[in-house]
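These notes are about the structure you will find just below.
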Amino acid sequence: MKDERWQIIANKLILLPIKRAEITRAQILAHVCERLEKLGAPSVHLETEAQNASVLLSDLPQNTGRPISAKTLERIWYKWRKGGKRWGVLIDQRVWGMNARYLKTNQQCFREHLLRLCNEHKTKREAVTELLRQWREGLPIPGYIGANNAKEMPYPTGWSVANLMRAMPSKRAVETAKRNEIPLISLEERAHLLNEVMDMIYELVSEKIKKKK
């Protein structure tokens, strides 16, 4: 089953730039959808469950804590069912666009991606060439997820070869990583750790929902 929390592309683990509050919101909504399914005849319970969900969502910061109506919950429930009953499909798609628009080249996940590219290629120029290829092919790039959702899209502002060469990690940083003084966790280990963290968050959300009933 596909997991919405990360993707493995070309043997690289690509972390999705979604804020924890957005993930928690999606998990709360998924929990409500599970309850609707167990109750049966969801249309009868939409109003009550929408109110309960809105109370739980109100603890989230800013716009993430916006309430939902019965009509909105009905739409969410159908989306959840159609999406394989996974909480990941309930993440607001507008968030992807906003994140992609505001993320900069100095974001940690993008820097780590550059470090991996330098580890895999002999020179910085080769690493830059590979990065530009990934963009042209529409492959997910940490920090820019969703910004190149089609092939041959224009490069982001400032993505000249010269600027990208300057953005590449120093020779010392690359050599340190190669000597494993900074351990590079395997894809399997990262996936396992992320699974544990996200499942822990889901359990906390579920516990909170139970206590508020």
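According to the square roots a ≥ b ≥ c of the eigenvalues of the Cα gyration tensor, what is the shape class of the stretch 47-92, taking rounded for a/c under 1.5, prolate for a/b larger than b/c otherwise, and oblate for the remainder?
Since a/c reaches 1.5 but b/c is at least a/b, the shape of the stretch 47-92 is classed as oblate.
Shape verdict for the stretch 134-177, please, from the Cα gyration tensor: rounded (a/c under 1.5), prolate (a/b greater than b/c) or oblate.
Judged from the Cα gyration tensor, the stretch 134-177 comes out prolate (a/c at least 1.5, a/b above b/c).
We did not get these values from a lab; they are worked out from the coordinates using the rules stated. Keep in mind that this is a model prediction, so the values were computed, not measured.
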